[in-house]
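First the structure, in the form of structure tokens, and then the observations on it.
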Amino acid sequence: MEFLVSMIAIALMVIGAFGIIFLKKPLDKVIMFSILDAGFVLAIALFKYLDVALFAALAGPLSTLVFILSIVKIKEIRTNKIASGEAND
């Protein structure tokens, strides 16, 4: 049973990592990061580091929120640059 759960954790981490690398849209990357984070927390819990798993489970949504806020801010900056005609970057 533990082997099956570890294979699921590894599969989640690999799918999330490849999704982050190969997907183009920023929100898709955030979704893949959440999948990678779920596999990571599951792997930590399998090794019975429950205090570290608790911290990772609490820090994961916070980092996802920061990623989403940064995506919104970058999009806002890009639209302002396009509107003002400074789209040289």
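The values are calculated or read from the model by the stated rules, or taken from the named source; none is laboratory data. As the structure is a computational prediction, the values presented were derived from the model and not from experiment. No Cβ is skipped: glycine too gets one built from the backbone with ideal geometry, and neighbour counts run over all protein chains shown. Side chains are part of the model used for accessible areas, which takes the heavy atoms of the whole protein and leaves out ligands, DNA and RNA. Shrake-Rupley method; radii C 1.70, N 1.55, O 1.52, S 1.80 Å.
Applying the Karplus relation 6.51 cos²θ - 1.76 cosθ + 1.60 with θ = phi - 60° to segment 39-50 yields 3J(HN,Hα) values of x, 5, 5, 5, 5, 5, 5, 5, 7, 6, 9, 6 Hz, where x marks Gly and Pro. Mind checking the full-extension length gain between Phe55 and Asp28? Use 0.36 nm per residue of separation minus the Cα-Cα distance, one decimal, nm. Value of the extension gain: 7.3 nm.
Please compute the per residue accessible area over segment 10-89 with all protein chains in place, 1.4 Å probe, rounded to a whole number of Å². Don't jump to the answer; show the numbers that get you there.
Values: 6050 Å² over 80 residues.
With all protein chains present, segment 10-89 gives 76 Å² per residue.
Across segment 71-79, rounded Karplus estimates of 3J(HN,Hα) from the backbone phi angles (6.51 cos²θ - 1.76 cosθ + 1.60, θ = phi - 60°) give 5, 5, 5, 5, 5, 5, 5, 5, 5 Hz, Gly and Pro being marked x. Using the Cβ-Cβ distance between Leu4 and Ile77 with R0 set to 41 Å, the FRET efficiency works out to roughly 0.35.
Got a number for carbon plus sulfur as a percent of the chain's accessible area, 1.4 Å probe? Show your work: numbers first, answer last.
Working: 5220 of 6830 Å².
Of the solvent-accessible surface of the chain, carbon and sulfur hold 76 percent.
Considering the chain at the alpha-carbon level, its Rg and Dmax are found to be 17.1, 59 Å.
For the listed residue pairs Lys48/Lys75; Lys24/Lys73; Lys29/Lys81, the alpha carbons are over 29 angstrom apart in Lys48/Lys75.
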